[in-house]
Amino acid sequence: MVSDKILEHLRQPHNMEKMKDPDGVGVVRETICEDELKAYIKVRDGRVVDASFEGFACAAALVTSSVATDLVKGRTPEEVLALTTDDVIKELGSLPETKSECIHLGAEAVRRAARDYLEKHPG
Ligand code: FES
C-alpha cells in the first residue's frame with residue numbers, strides 16, 4: 001500500500017531542479033544501476049535556506065530525494081550531516097519494500113552537499 005504522501009512526492013517531486021550558484025553540491029551514484037543524483041544547498045546565516053536535486057533515477061530514489069531536500073531546509077549544515085534515510089522514511093510515514101540501495105540516495109546526496117559546503121567554509 002502506497003501512502004498519499006508517497007504519491008504526492010511521486011507525482012510531483014519537490015525541489016527537482018538544478019540550482020544556480022549553490023553553496024554545496026553532493027553527487028551520489030547507485031552502485032548497481034549507476035543512476036546518478038546531484039543535490040544542491042544554499043546556506044545563509046548558517047542555515048540551509050534552499051535545497052534541490054536533479055538526476056535520472058528510479059521512483060524510490062526520486063521520492064526520497066524530494067523528501068530529503070524538504071527536510072534540510074532550516075537546518076544547519078552540521079545538522080544535515082546527521083540526516084538519515086530513517087528520518088526520510090519517518091517523514092513519509094512508511095515506504096513499501098523496495099530496492100534498498102535506492103532509498104538511501106536522497107539522504108546521502110544532501111549529506112554530501114552539506115559536507116561540500118563545510119569543506120569550502122571551514123570554521
Ligand atoms: S534503480 Fe537506479 S536509483 Fe533506483
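Read-outs throughout are calculated quantities, based only on the coordinates presented, and are distinct from any laboratory measurement. Just so you know, these numbers come straight off a predicted model, no measurement behind them. Reconstructed Cβ throughout: ideal geometry from the backbone, glycine too, with neighbour counts over all protein chains shown.
Taken one residue at a time, the phi angles of the stretch 38-48 give Karplus couplings (6.51, -1.76, 1.60, θ = phi - 60°) of 10, 10, 10, 10, 10, 10, 9, 6, x, 10, 6 Hz. Gly and Pro are set to x.
Among C33, C102, a tally of other beta-carbon atoms within 10 Å of each Cβ gives an order, fewest to most, of C33, C102. On full extension, the segment bounded by R47 and T84 gains 11.5 nm, given 0.36 nm per residue less the C-alpha separation. Here the peptides 10-20, 49-59, 67-77 are ranked by packing, the mean other Cβ count within 10 Å, and the order with the highest first is 67-77, 49-59, 10-20.
Taking the Cα centre of the chain as origin and assigning +1 to Lys and Arg Cβ atoms and -1 to Asp and Glu Cβ atoms, the resulting dipole is close to 280 debye. Net length available on complete extension from E54 to K18 is 12.4 nm, with 0.36 nm assigned per residue and the Cα-Cα distance removed.
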